[in-house]
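Here is the structure we will look at.
The values are calculated or read from the model by the stated rules, or taken from the named source; none is laboratory data. Worth saying up front: this structure is predicted, and the values here are computed from it rather than measured. Cβ placement follows ideal geometry from the backbone for every residue including glycine, while neighbour counts extend to all protein chains displayed. Note: accessible area is taken over every heavy atom of the protein model, side chains too, but ligands, DNA and RNA are not part of it. Shrake-Rupley method; radii C 1.70, N 1.55, O 1.52, S 1.80 Å.
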Amino acid sequence: MDASQLVVRHPIADDGYAIYQLIQRCPPLDLNSAYLYLLQSTHFAPTCLLVEYEGQVEGFVSGYLHPQQADTFFLWQVAIGEKLRGQGYARRLIEQLLQRPALAKTRFLETTITPDNTASWALFRALAREQGAPLTESVMFSQQQLGGEHLAEHLVRIGPWPES
């Protein structure tokens, strides 16, 4: 892979459908509507990043500032296409996003993970270790709350970040 072909940037509206298609190619991620990815690419663009490779969207990380906790970034989804998987791009995109001006005052990262998503558990445990921050977990949404057909979503909270 030619790293000079990689472009990391905030999404724009024209990226919405390509992001939708990327998520389709990344099971077990939950696929939301194309409309949602358009909203993330416009209203939430400052708290999202994508990576293009050879002109195609091959990675996306999305999230938002928690409405009731100004120091907390809620990471919604991380998707890495097959061409870039296994090379640390998920962690790098998250780290780059946390350094962006929109997230400068955050001290915590939250996300949810199902118990069986071993790749995500490994990613966020490694991120916590590398950042020197504690990781806690609790059930955020039970299987029953999710209609019984989806595993429980565990809230993972990393932080506070060490003072630099």
Counting just the residues of the stretch 131-157 that are within 21 Å of Asp30 (Cβ to Cβ) and among the β-branched types (Val, Ile, Thr), which one comes out most open to solvent (accessible area, probe 1.4 Å)?
-> Val139
Please specify each residue of the stretch 16-32 satisfying the condition of being assigned to a helix (DSSP H, G or I), open to solvent by less than 70 Å² (accessible area, probe 1.4 Å) and under 18 Å from Leu84 (Cα atoms).
-> Ala18, Ile19, Tyr20, Leu22, Ile23
Only listed residue being modelled with pLDDT of 95 or more and more than 21 Å from Glu153 (Cβ to Cβ), chosen from Ala102, Ala13 | Ala13
If a residue has to be in a loop (DSSP other than H, G, I, E, B), of a type outside the set (Asp, Glu) and open to solvent by 30 Å² or more (accessible area, probe 1.4 Å) to count, how many in the stretch 69-84 make the cut?
-> 3
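Restricting the stretch 85-123 to residues that are assigned to a loop (DSSP other than H, G, I, E, B) and in contact with a Phe, Trp or Tyr (Cβ under 6 Å, 6 or more places away or on another chain), which is most open to solvent (accessible area, probe 1.4 Å)?
Step by step, filter the stretch 85-123, then rank; the result is Arg107.
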Pick from Gly81, Gly63, Gly59, Gly88: which is under 12 Å from Asp15 (Cβ atoms) and within 14 Å of the chain's Cα centre (by Cα)?
-> Gly59
So, in the stretch 33-54, of the ones that are assigned to a loop (DSSP other than H, G, I, E, B) and in contact (Cβ under 8 Å) with a residue 24 or more places away in the chain, which residue ends up least open to solvent (accessible area, probe 1.4 Å)?
-> Cys48
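When only residues in the stretch 131-143 that are among the hydroxyl-bearing types (Ser, Thr, Tyr) and part of a strand (DSSP E or B) count, which is farthest from Ala70 (Cα to Cα)?
Ser138
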Return yes when Ala128 is surrounded by fewer than 20 Cβ atoms within 10 Å (Cβ to Cβ), in a loop (DSSP other than H, G, I, E, B) and at pLDDT 95 or above and no when it is not.
-> no
